[in-house]
Protein chains: 2
Amino acid sequence: MLRTHFVSELNPALEGKEIVLAGWIHNLRDLGGKKFILLRDKSGIGQVVVDKSSPSFEITKELSQETAVQVRGFVKADKRAPNGVEVSCQELKILSKAKAPLPLDVADKVKADIEVRLKERLLDLRRLEMQAMIRVQSTAVRTFRETLYRNGFFEVFTPKIIATGTEGGAQLFPVIYFGKEAFLAQSPQLYKELLAGAVERVFEVAPAWRAEESDTPYHLAEFVSMDVEMAFADYNDVMNVVEEVIANVLDNIAKYHEADLAILNHKLPSITRPIKRVTYREAIEILQSQGLQIKFGDDISTPESRILNKVLGQDLYFITDWPADARPFYTRRKERDPEVSESFDLVYRWLELVSGSSRNYTREVLEKELRSRGLNPANFEFFLKWFDYGIPPHAGFGMGLQRFMLMLTGLQNVKEVSLFPRDKKRLIP
Amino acid sequence: MLRTHFVSELNPALEGKEIVLAGWIHNLRDLGGKKFILLRDKSGIGQVVVDKSSPSFEITKELSQETAVQVRGFVKADKRAPNGVEVSCQELKILSKAKAPLPLDVADKVKADIEVRLKERLLDLRRLEMQAMIRVQSTAVRTFRETLYRNGFFEVFTPKIIATGTEGGAQLFPVIYFGKEAFLAQSPQLYKELLAGAVERVFEVAPAWRAEESDTPYHLAEFVSMDVEMAFADYNDVMNVVEEVIANVLDNIAKYHEADLAILNHKLPSITRPIKRVTYREAIEILQSQGLQIKFGDDISTPESRILNKVLGQDLYFITDWPADARPFYTRRKERDPEVSESFDLVYRWLELVSGSSRNYTREVLEKELRSRGLNPANFEFFLKWFDYGIPPHAGFGMGLQRFMLMLTGLQNVKEVSLFPRDKKRLIP
C-alpha cells in the first residue's frame, strides 16, 4: 500500500508522527517560500505544506492539478487546516503526472456543461459532488439488498441475452448470438417469475436495456434495474417490501452520509409511514376536483402527478389499482373489480420510481390477457409452458436505480447518476 | 400473505395451534383412509395429514406432484414427522395445478440428464440440491460484497454495451446499437481502472460475455463476473483482499449452510492462511522435479495444476509472477525482473478461480506493451487518453462466480450453477 493513512484519519493526536499519504493534487497555492498542497484521496482533502528548506521543494515546480503523488511528512497541529492538522512534507514523489491544462477543473465548484462532463467523465467523477453520489449509491444498493436478505429473499442472476422479449418486442437491442438473432433483456420479468415459482423470494440488481429513441432526463438506454419477486404473496405484500426498502435506504443515507448530502446540497424527502396509498380512481377524482379534464382510463403523467403531490401533501405516494387494460398482460385483475388491476406505482413527487403488481399465474388467464391485447399466445409459449407446472400466486416490482438516485442526491438527470451513461448518441466513454 | 407459517417454523410447542401453510406437493402417499402430503416451501418440507373425515379429503384426489396448495390445519406433535410435528388438515385449497406426469421428478434423488434438467429448468430448480445451491450462492455473493464494503470499497455499475473490446476484440458478441455496431463487454477492465482512478476502491458484480465456441464444464457464454480494482495498491495488496474474501465466504457457508452442504453432499475445502503463494518460476521447477518436460513461458494448465495441487498439499494456492508476455497489455512488469509480471492466479485444485495483477498506469508503458503485442496504440486511444489525467498505480482482480460456486457446492459443471445458462446451443429458457 502506498500510504500509511488516509487524510481523513489525520488529527491533532498524531502530532509529530511521521506518516505517508497518497492522492491527487486537488489544488496548489504558492505563498512565497511555501507551497500549500490540497491533497485529495478517497476519504477527503488534507493540507500538505512544502517548505523552501524541504529537499522536495524543487519537485513542487513540476506539480499540476490532478497529478497523483505520494507524500512523506510529519503531522503538525494547525487550527486553520482541515481536521486541525497539516502535514509538513519531507519527501514528495510524483506517481503519475496529469497534463495541464485539463479539459475540466475538478476543484471548480461551478459545474461544466453536462456534455463536457460526460466526455471527460474520469475528471468529472473526481469532483466532490460525483464522489458523494457514488458513495450514496453504494449505500443505497447495499441497503436495498440487506432489507431483502432480512426478509428471506435470495439474490439471483438471470440471463441478459434472451431469445425474445417478454413485453412484445418493442425497444429491444438485437444481439448477434453465434450467428443467430437474440436480444438484450428489457427486464428480468419472465425469469424472476419462474424463480419465484421455484424458490419463492428472489431479487436481482442488474443491467437492463431499452432502445429509447427520446433524449430525456429520466431515460437511459442502459440502466440498473432492481427487481423483486415473491410467491404466495400479492401486491399489498410487495408494497410493504417497497416501503421497508425506501425507509431503510433513507435512514441509512441520513445516518451515514450527512457530509455527502452537504456536498450535494440536498435534503432527503421525509416520509410518513405507512406511505400514502391512493387508488387510481381516487387519484382521478382528486384531479377532477382540481378542475382537470381527466377520466378513467387516462394516464396520470407528470403534470397530473405534480398536482397529486401538492394535494396529498406527500413527497412519496403509491397510486394503486390501475386500469387493467393499460398494464402488461401478466398483471392480475382485481377479482371484485376486474376493470382495474392489483397494481401500483410508487411516485416521488411526480417521478415514477417503482412499478409492481400481483401477477397472473394460470395459463388460461394469461392466454386471455394476451389475446385481449392483440397478442398471439402461441408466440408466448416459451413463457406459458411453465404455468403448467404449478406456479403459485406471486407478485413483484421493479425499480430503476438511477431514478431512485435522483431522489437520494437531488441531481436532476439520470445521466449524471449513471457512471458512464448510454443513450442514443453516447457509446463512449 | 397466503400463509401464517413456513414449514420450518413448525415445532411441538405449537401443538394445537391453527396455522396456514402454502407450498408445493413434494410427494403424496395414500395410506388407507389417510393421505400424507409432503408439503415443500422455501424453508423445507413438512408433513400434512388429510383424514377421511376431513371436508378436504375429496379434493386430495385432484392433487399431483408440484401442484401449489394452501393448507389450514392444526399442529400435532408426532415424533415420526419432520420437526416432530404434522399438520392435521382442515381445509385444502388448490392454488395452481401442475399437469401430470411431469417431465422431471422434483422429489427424485436420481439426477436426470443435464440436457433435460436445463430444458425443464423450473422443475430442476425446485430440486432440493438446486435450492441449496441458490442459497449458498446468495450468501457467497453477499459475503464477497460485505468483505469489500468493510475494506472501504464502493459498489459500481459499469456499461455493458461498449464501442470496442479492451482485450483486442476476439470472442465479442456484436450488438446493434441504434443502427451502429457495438459489443457486449467481456469484462469491466477499462471502466474499473478508470473508476479506481477517480474513487480509488471499487467493485462490481455483473454479467460479462465471451463468445466461447467450445462446450466445456468451465465456460459459459454469459457469466457473472466479480471484479475489484484498487488504487495506490499493488498485486500483493489485492491478493490479500482475495484471501480475505475467500476465507470469509468459506466461514459463512460453513456457519450458515450446514444443512445445504449436507443436501449437496459436499465438504468445503479447508484453507491455511496465508494462502500458499508460489511464483510461476517455482511452479515450473516443481513440475520439472516431477519429471515434466516444461520450461519458462509454457502455460500451466489442468494436468500441471493437478500435480501442483498434490505436491503443494493445498486445495487453494496462488501462482504469482507469470511471464509478462503471456498476460494482457495492461499487466505491469516486475521492476527487478521484467521478464515476469506482478500478476497472479488463484487456483482451486486445478481450476483457475481468480486472475489479477498490478496494472500499468503510464501512457508510455501502455503504448510499449501494446506495440510489443502487435497492437496499434492508435486503436486504444479511447483507453490511453485517460492516462494523461493522473491515473495512480493500481491493481485488481476478477473472479467468475460460477467457477467459484463449483468450489462451494461440489457441483461439476458451471451450467448447473448458472440459473439459466447460455452457451453456443442454448438461448432458452
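Descriptive notes on the structure:
- Helix B:302-312 and the long axis of chain B differ in direction by around 90°, with both axes built from C-alpha atoms.
- Largest accessible area first, the listed residues B:359, B:371 line up as B:371, B:359 when surface is computed with a 1.4 Å probe on the assembled protein chains.
- Lysines whose Cα lies under 19 Å from that of residue A:35, excluding same-chain neighbours fewer than 8 positions away: A:52, A:61, A:76, A:79, A:93, A:97
- Cα extents of region A:1-59 along the three principal axes, largest first (Å): 29, 24, 21
- Each of residue B:170 and residue B:36 was given a label point 7 Å from its Cα along the Cα-to-Cβ line. The distance between the two points is 5.9 nm.
- Highest-fluctuation residue, B:47, B:288, B:412 considered, GNM on chain B with Cα pairs under 10 Å: B:288
- Only protein heavy atoms count here; on that basis, with a 1.4 Å probe, residue B:54 has an accessible area of about 10 Å².
- Of A:192/B:180; A:42/A:415; A:415/B:160, pairs whose Cα-Cα distance is over 19 Å: A:192/B:180; A:42/A:415
- Rotational relation A to B, axis-closest Cβ in chain A, residue and distance rounded to whole Å: A:175, 3
- Whole-percent carbon and sulfur share, accessible surface of region A:100-220, 1.4 Å: 52 percent
- Förster radius 25 Å - calculated FRET efficiency between residue B:215 and residue B:295 (Cβ-Cβ, nearest 0.05): 0.20
- Taking all protein chains into account, the per residue accessible area for chain B stands at 39 Å² (1.4 Å probe).
- Residues listed by number, region A:41-63, amide nitrogen under 16 Å from residue A:90 label point at 7 Å toward C-beta: A:49-51, A:53-57
- Heavy-atom SASA rank of B:35, A:310, A:34 (probe 1.4 Å, accessible area, largest first): A:310, A:34, B:35
- Interface burial in region A:16-58 reaches 20 Å² or more for A:24, A:42, comparing the full protein assembly with the chain by itself; accessible area from heavy atoms with a 1.4 Å probe.
- If the convex hull is drawn through the Cα atoms of region A:7-96, its volume per residue in Å³: 80 Å³
- Per-residue SASA entry for residue B:251, accessible area with 1.4 Å probe, Å² rounded to 10: 100 Å²
- Cβ-derived FRET efficiency at R0 25 Å, residue A:251 paired with residue A:281, nearest 0.05: 0.15
- Given +1 at the Cβ of Lys and Arg, -1 at the Cβ of Asp and Glu and no other charges, the dipole of region A:7-96 around its Cα centre is 160 debye to the nearest 20.
- Between region A:143-160 and region A:237-253, the alpha-carbon center distance in angstrom: 14 Å
- For region B:132-209, the alpha carbon convex hull comes to 112 Å³ per residue, rounded to a whole number.
- Helix B:128-150 vs. chain B, principal-axis angle (Cα, 0 to 90°, nearest 10): 40 degrees
- Accessible heavy-atom area order of B:350, A:386, highest first, probe of 1.4 Å: B:350, A:386
- Mean sequence separation of contacting Cα pairs (under 8 Å, at least six apart), scaled by the length of chain A, corresponds to a relative contact order of 13 percent.
- Between chain B and chain A, roughly 8700 Å² of accessible surface gets buried, counting both sides and using a 1.4 Å probe.
- Charge dipole of chain A (Cα centre as origin; +1 on each Lys and Arg Cβ, -1 on each Asp and Glu Cβ, all else neutral): 1340 debye, rounded to the nearest 20.
- C-alpha long axis of helix B:363-372 to longest principal axis of chain B, angle in °: 90 degrees
- R0 of 56 Å, Cβ-Cβ distance residue B:272-residue B:102: FRET efficiency to nearest 0.05: 0.75
- Distance between region A:301-365 and region B:357-376 - C-alpha centres, whole angstrom: 54 Å
- Percentage of interatomic Cα-Cα distances in chain B larger than 40 Å: 32 percent
- Placing dummy labels 7 Å off each Cα toward the beta-carbon, the span from residue B:109 to residue A:77 is 7.2 nm.
- In region A:383-429, burial by the other protein chains removes 50 Å² or more of 1.4 Å probe accessible surface, compared with the chain on its own, from A:386, A:388, A:389, A:390, A:419, A:420, A:422, A:424, A:427.
- Exposure check, 1.4 Å probe, all protein chains in place: residue B:219 carries approximately 60 Å² of accessible surface.
- Drop in accessible area of at least 10 Å² in the complex versus isolated chain, residues of region A:127-142, 1.4 Å probe: A:131, A:134, A:135, A:137, A:138, A:141, A:142
- Near residue B:96: Cβ cut-off under 10 Å, other residues only, Lys/Arg at +1 and Asp/Glu at -1. The net charge is 0.
- Listed by chain and number, the lysines placed with their C-alpha closer than 27 angstrom to that of residue A:295 are A:276, A:310, A:334, A:368; residues fewer than eight positions away on the same chain are left out.
- Formal net charge of residues neighbouring residue B:109 (Cβ-Cβ distance under 11 Å; K, R +1; D, E -1): -1
The values are calculated or read from the model by the stated rules, or taken from the named source; none is laboratory data. Nothing here was measured: the structure is a model prediction, and the numbers come from that model. We place every Cβ from the backbone using ideal geometry, glycine too, and count neighbours over all the protein chains shown. Surface areas here come from the heavy atoms of the whole protein model, side chains and all, with no ligands, DNA or RNA. Shrake-Rupley method; radii C 1.70, N 1.55, O 1.52, S 1.80 Å.
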